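The values are calculated or read from the model by the stated rules, or taken from the named source; none is laboratory data. These numbers come from a predicted model, not from an experiment. Cβ placement follows ideal geometry from the backbone for every residue including glycine, while neighbour counts extend to all protein chains displayed.
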Amino acid sequence: MFKIGIFGGSFNPPHNGHVNIAVQAKEELGLDKMLIMPTGTSPHKGKALVGFNSREYMCRLAFGRLPGFEVTDIEGKSVRKSYTIDSQRLLKKQYPQGTAFYLLIGADMLFYFDQWHEHDALLNECHVVAAAREQGQFTNMVEYATDELGKIKVLNLEVTEVSSGQIREKIAAGADVGDLVPERVLKFIQEKKFYV
């Protein structure tokens, strides 16, 4: 059976924490491919995003050279809000019947997964797996996933504590983020003067 991971997010910008979680999850789950799926118009993010094409390009810079990784622009093609269930159904049509899909989410998304658009249908369409983004989240995530949702597997992965919001704040303050963002992504951010 072909196993495909889907790791979606605003990636505003993609950072080393994203890369580390995705690489570890691909290995832990034995995935044949990991799709990186930048959001189009996110129903979960109220802040303004750098344009889709730039975020997609930054994802290609961050993940493109990793074996078994591919960036998809499926959500950038939609003119309305991007719901994961819709993207999942479109992706399912692009792969052979019987392909198993694994949706990777972070703790921030897990704790309100029950508020996602058609979250029950999503649990039936793919395997949902969650990974901590901060030290000490794992136990709470396991308890929540077991008590509240029951069908979500929580991966115990090594955490790189960083967020896109922190990176944007540091760049705006003129601080160095070279240890938080892949080098090729940082060069693109500097060239385009994003987040200043």
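Taking the condition at positive phi and over 14 Å from the mean Cα position of the chain (by Cα), does G98 pass? Criteria met by G98. Candidates V154, V159: the one that is part of a strand (DSSP E or B) and either at pLDDT below 95 or under 22 Å from S10 (Cα atoms) (or both) is V154. Of the listed requirements (1) at pLDDT 95 or above; (2) more than 14 Å from G5 (Cα to Cα), S78 misses just one: (1). Only residues that are buried (at least 18 other Cβ atoms within 10 Å of the Cβ) and of a type in the set (V, I, T) were counted across the range 96-124, and they come to 1.
Could you name every one of the strands (runs of 3 or more DSSP E) located completely within the range 1-95 that has at least 1 residues being in contact with a His (Cβ under 8 Å, 6 or more places away or on another chain), aromatic (F, W, Y) and surrounded by 15 or more Cβ atoms within 10 Å (Cβ to Cβ)? Before the answer, list the steps.
Details: elements: 3-9, 33-38, 69-71.
In the range 1-95, the matching strands (runs of 3 or more DSSP E) lie at 3-9.
Residue count for the range 96-111 under the criterion of being assigned to a loop (DSSP other than H, G, I, E, B) and closer than 15 Å to K153 by Cα: the result is 1. Looking at V142, is it under 30 Å from M1 (Cβ atoms) and assigned to a strand (DSSP E or B)? Criteria not met by V142.
Residues in the range 142-190 that are hydroxyl-bearing (S, T, Y) and touching a helix residue (DSSP H, G or I) at 6+ places or on another chain (Cβ under 9 Å): Y144, T160, S163, S164. Any idea which residue in the range 162-180 is surrounded by the fewest Cβ atoms within 10 Å (Cβ to Cβ), counting only those that are touching a residue at least 40 places away in the same chain (Cβ under 8 Å) and under 15 Å from the mean Cα position of the chain (by Cα)? If we take residues in the range 162-180 being touching a residue at least 40 places away in the same chain (Cβ under 8 Å) and under 15 Å from the mean Cα position of the chain (by Cα), then S163 is surrounded by the fewest Cβ atoms within 10 Å (Cβ to Cβ).
The set of residues from the range 51-70 being basic (K, R) and out of contact with any strand residue (DSSP E or B) (no Cβ under 6 Å at 6 or more places or on another chain) comprises just one member, R65.
Check the range 108-121 and report whether any residue there is farther than 25 Å from V23 by Cβ, in contact (Cβ under 8 Å) with a residue 24 or more places away in the chain and in contact with a Ser or Thr (Cβ under 6 Å, 6 or more places away or on another chain). Scanning the range 108-121, I find no residue that is farther than 25 Å from V23 by Cβ, in contact (Cβ under 8 Å) with a residue 24 or more places away in the chain and in contact with a Ser or Thr (Cβ under 6 Å, 6 or more places away or on another chain), so the answer is no. Is there a residue being part of a loop (DSSP other than H, G, I, E, B) and buried (at least 19 other Cβ atoms within 10 Å of the Cβ) anywhere in the range 129-136? For the range 129-136, residues part of a loop (DSSP other than H, G, I, E, B) and buried (at least 19 other Cβ atoms within 10 Å of the Cβ): present.
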